[in-house]
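Here is the structure we will look at, set down as structure tokens.
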Amino acid sequence: MLRFCVLGAILCFPALATDPSLEDALSRMYNFDFPASQEILSRYIALHPQEPLPYAFRASGYLFYELDRLGILESEFLIDDNRIAEKRKKLEPNSANREKFLRAINDVDSRVKAALQADPNDRAALFAMCVAQGVATDYMALVEKRQISSLTLAKRSNGYAQRLLKLDSKFYDAYLTAGISEYMIGSLPFFVRWFVHFDNVNGSKEKGVQNLRTVAREGRYFRPFSKILLGIIALREKQPEDAQKLLAELSRDYPENPLFRNELNKLNSKLGVNAN
């Protein structure tokens, strides 16, 4: 279940940056137009080089590109724990993309350290680190197939999310990481859960889903991503009609994304639904 420890986002929060170009960058990323997304982020970073959040988005884009290239985002992979954990079929990451990804993670880290020295409660900095740790978790778990090692990063990402929620319970997109943590821990075997502790996480799959639904309703930048996760969970929990509804919404909102469309067509076929 470590694959759910994915990305985070800037929130619907007045204290944080609300430049529409950041929304545009994420919109292009959701449409799988990765070059355009990175171009928008590069322009923003040129004007705001010390802000950590754009670098976190940049790392997210590199991660999504790699997951798409390797076929990891397809439902057959994400709902099959054996395929995720299997180490015999080693994945070959794109070396140039990996270098850019790691550089973006380092850029987040250096800027967050400076921001938190000035203000330990800097919300944008805290969330940027939450995002970066979540992205690094996914890369380690899904691409490098080091699932157990990635737990440390997942725990760290959750810690930053919990700090944000203590500052303000309406920091809605922080519930994305909190929800992922709840569902992930709740899905682990009991004997593993006994040794794994995340702050303010009880391992309730139901609470995890509730948190993700909160983001789907109230989130600003990662509302679509919460729907992706909810769709994956619905398929895992044998609730195909719920997944179908979510995929239909994503396909409508991001028509350039072939993955949403293909996954919806596959699900419609299984359910005997005529797409036309």
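The values are calculated or read from the model by the stated rules, or taken from the named source; none is laboratory data. Quick caveat, the model's predicted, so the values are computed rather than measured. We place every Cβ from the backbone using ideal geometry, glycine too, and count neighbours over all the protein chains shown.
Run down Glu144, Glu92 and say which single residue is at pLDDT below 90, in contact with a helix residue (DSSP H, G or I) (Cβ under 9 Å, 6 or more places away or on another chain) and among the acidic types (Asp, Glu).
Working: Glu92 fails: in contact with a helix residue (DSSP H, G or I) (Cβ under 9 Å, 6 or more places away or on another chain).
Glu144 is the lone residue from the list that is at pLDDT below 90, in contact with a helix residue (DSSP H, G or I) (Cβ under 9 Å, 6 or more places away or on another chain) and among the acidic types (Asp, Glu).
Within the range 224-247, track down each residue that is more than 18 Å from Glu74 (Cβ to Cβ), of a type outside the set (S, T, N, Q) and either crowded, with 19+ Cβ neighbours inside 10 Å or in contact with a helix residue (DSSP H, G or I) (Cβ under 6 Å, 6 or more places away or on another chain) (or both).
Result: Asp242, single match.
Of everything in the range 143-168, what is outside any helix (DSSP H, G or I) and either free of Cβ contacts under 8 Å to residues at least 40 places away in the same chain or within 25 Å of Pro93 (Cβ to Cβ) (or both)? Give them in sequence order.
Glu144, Lys145, Arg146
Would you please name the residue that is farthest from Tyr221 (Cα to Cα), looking only at residues in the range 17-69 that are of a type in the set (Val, Ile, Thr) and in contact with a helix residue (DSSP H, G or I) (Cβ under 8 Å, 6 or more places away or on another chain)?
Step by step, filter the range 17-69, then rank; the result is Ile45.
When the residues of the range 170-223 are narrowed to those that are of a type in the set (Asp, Glu) and in a loop (DSSP other than H, G, I, E, B), which ends up modelled with the lowest pLDDT?
Per the criteria, the residue is Asp173.
Take Glu182 and tell me if it is crowded, with 24+ Cβ neighbours inside 10 Å and within 22 Å of Arg236 (Cβ to Cβ).
Yes: the conditions hold for Glu182.
State the number of residues belonging to the range 148-169 that are closer than 19 Å to Phe101 by Cα and crowded, with 19+ Cβ neighbours inside 10 Å.
Final tally of qualifying residues: 4.
For residues that are more than 15 Å from Asp173 (Cβ to Cβ) and in contact (Cβ under 8 Å) with a residue 60 or more places away in the chain, scanning just the range 186-223, find the one that is surrounded by the most Cβ atoms within 10 Å (Cβ to Cβ).
Ser187
Mind checking whether some residue in the range 216-230 is basic (Lys, Arg) and within 23 Å of Gly71 (Cβ to Cβ)?
The initial filter retains those residues of the range 216-230 that are basic (Lys, Arg), namely 217, 220, 223, 227.
Keeping just the survivors that are within 23 Å of Gly71 (Cβ to Cβ) gives 227.
Yes, there is a match, as at least one residue in the range 216-230 is basic (Lys, Arg) and within 23 Å of Gly71 (Cβ to Cβ).
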